[in-house]
Structure formats: C-alpha cells, structure tokens
Amino acid sequence: MKRIIFIALASLLLFSGCSSNGNKGKGTPKIHKNTGSAPYELLVVANKEWVKSIYGEELMDVLSTEVPGLPQVEPNFGIVNINPEGFSSTFKVYANILKVDIGRQYPKAGIQVAKDLYAHPQTVATLYAPDNISLVEYVKSHSDELINLFVEEELNREKSFLEKINSGKVYTAVKNMFGYTICVPQEINAVKKGDKFIWASSDTETSNNKNFCIYTVPYNSVDDFKKEHLIFLRDSVLCQYVLGDKEGQYVATDARSVTERELTIDGHYVKEIRGLWEMEGDMMGGPFVEYAQVDTVKNLIVITEGFVYAPEKRKRDLIRELESSLRTLKMNPKPQKQ
C-alpha cells in the first residue's frame, strides 16, 4: 500500500455545535480550545528519521491502509508527521494524535488512550514499547484496533454534530412512517416514499450527491443477516424505487465488492455491509454502506443505507458522514401514551 503522508501546518478552524432549530448547544467543553484539524487527519508525533526506518514504515503502512468499499484507493487518514520537540500549541489542537514512545522503561508494548488533553473533542493515544521489534509486533497484531480507535472517534464526533444539525424533512418522514428517528445531513431534503420505504437525496443537479434509504422487512431467522441475503434484499427493494432517468435504469449492487462485519451500536447488534453500487443501463455508480438490525418488538429487520454519487471526487469523507448518520437511528417500539 502506497503511503500518503502530508506534512503541513493545521489550519486553526473553530467548530461550534448548534441544534437543528438554530440554537447553540448548552454543553460546556472541558477544554477551552476546540479542535482544528481536518476530518480524518492524524497527527503522528514521532521522530521523522525513525518514521523513515523499516520500523516506522511498518507503522505508517498500517495507518495508511485504505478505506474499504470505495471505487478508488483512499487512505483511512491523512497523516501529518512532526518531531516530538515540534509538538507545540499549533499542533495540540488536532482531533486525532498518536504519539510514539520507545524506551526501556516499558516492560512490554501497549497503547494508552486519553481524551481531551489539549482540546475538545480530542483523542490522544500513546503507542509505547521497550524496543522497535516489540512495537512493530504490537502494531501488526493490533492493526484493526489501532485504525478503528481513531475512525470510531471521528464517526462519533460527526454523529454528535448530526444530532444537533440535520435534515428536518427526513427526520419527520421517518418518524411518521416507521416511528423511528434518524439524523442525516441537512442537505438531504428531497424525499420519496414507497411501501415501507423512504429514499432521500441531496441536490441531484450536483455531482456531489448524498443519498439515504430506510426500509423494513419481516425478520425470520439469523440467516436473514447473511451477506448474500442482505444483497438480495437491497437489490430487490432498490430496483423498485431508486431509478434512473430512463426506463430500465435502476440501482444494483456490485456483489463482488461487498464486505461485511458485525457491530454493536447503542447496545444493538448491527450487521454492516459496504461496497459499490451501479446504475443498470447507465454509467453512474459509487460507494454505499448499509446497516441492518432487528426491531425486536415489531419483529422487523430495519435497514438503513447511505450511498454517494460523486464522480471524479474523493468519497471517503462523504461516505463516512453517511455512516455516522446511520448510527443516529433510534427505534421507538414503546407505544405512545394516549
């Protein structure tokens, strides 16, 4: 995997949360400074000469692994590398910081994670080891955990933002049809409805199109959560409702591209599939991410999905934003009091 390391100063952007009705959030940050790095930017505090060594390259190769399910190679993070002595206040506003510390004072390799040390919201992880070899062994055996640590933090930050500022049209439509709530990006406001199905999209005249779908089907058994079955459901539902401009054009799944994993979100089991979609009869296509979970009260599989159409543009941040929105789903199975 080709490493992509960006060495640049962070632009000091200020982020402030506000609610969907325009009011600012009432919470007071623990730290007076807000984070100011770009989304999915990771500051690696380690000696630059060490980073160029065979040991440092092992770490960078892990940090630069690609996001699954995209049509082109995009790394999980844009990486900024600075020497420890250069870790000044300018860099302490980064949201994601990874420090590397190698010394004999450590009996074994490990990682220590702290929140909001210098800014808010922020995750600072220190990767430590007594020597280079044990550090590399630790990184290799914990590569997924290391990547997911910072990815999950980014998703949670975006989730918190979406819960304050989101599409009121989609929120209302989902609540009225299903009794659930979900917070999707504010610009997704063109809503189309079907039988137990909603498709919402942003401005279709642009080449930066975000889409959201939600639908339910009866739950029968755990076999319903097999990857092949979820692909079958996706294709059978979306071919009815997500259509192109011409007859015979509809959204379909590139089954060869699909990956799967199991998650636990807010105490619920969630099956994730992600990969590529394409428009039958047209040249359109792009990435999608789908979550499937059970409404145990109604005995339904609830499927939520985000997909992107953004030709010739990077899609990592777009699909991650939609992934964050899927995590805001709240199922409200309890009947309302009359």
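Only the coordinates and a few stated rules stand behind these numbers; no lab work does. Keep in mind it's a predicted model, so treat the numbers as computed, not measured. With ideal geometry, Cβ positions are generated from the backbone for all residues, glycine too; neighbour counts draw on all protein chains shown.
Other residues whose C-beta falls under 11 angstrom from the C-beta of residue 310 contribute a net charge of +3, scoring Lys and Arg +1 and Asp and Glu -1.
When the chain is treated as a Gaussian network with alpha carbon springs shorter than 10 Å, the biggest mean-square fluctuation among 277, 199, 50 belongs to 50. The magnitude of the dipole of segment 41-162, with charges of +1 and -1 set on the Cβ of Lys/Arg and Asp/Glu and taken from the Cα centre, is near 380 debye.
Taking the Cα atoms only, what angle lies between the long axis of helix 54-63 and the longest principal axis of the chain, rounded to 10 degrees? With both axes taken from Cα atoms, the answer is about 20 degrees. Within segment 239-338, the GluC sites (Glu not before Pro) that combine a DSSP coil assignment with at most 16 other C-beta atoms in a 10 angstrom radius are 247, 312.
Which GluC sites (Glu not before Pro) from segment 151-243 combine a DSSP loop assignment with at most 13 other Cβ atoms within 10 Å?
Passing sites in segment 151-243 are 205.
The charge dipole of segment 177-308, taken about its Cα centre with unit charges on the Cβ of Lys, Arg, Asp and Glu (plus for the first two, minus for the last two), comes to roughly 280 debye.
Here's the picture: charge each Lys and Arg Cβ at +1 and each Asp and Glu Cβ at -1 in the chain, and of 279, 69, 220 the one pushed furthest to the positive end of that dipole is 220.
Available extension along the chain between residue 149 and residue 193 is 12.2 nm, counting 0.36 nm per residue and deducting the alpha carbon span. Other residues whose C-beta falls under 15 angstrom from the C-beta of residue 227 contribute a net charge of -4, scoring Lys and Arg +1 and Asp and Glu -1. The Cα center of segment 251-318 and the Cα center of segment 140-170 differ in position by 16 Å. Between the listed residues 319, 91, 45, the Cα displaced farthest toward the positive end of the dipole of the chain, a dipole computed from Cβ unit charges relative to the Cα centre, is found at 91. A compact globular protein would have a Cα radius of gyration near 2.2 N^0.38 Å; the ratio found for segment 50-197 is 1.38.
Dipole size of the chain about its Cα centre, with +1 on Lys/Arg Cβ and -1 on Asp/Glu Cβ: approximately 1300 debye, rounded to the nearest 20.
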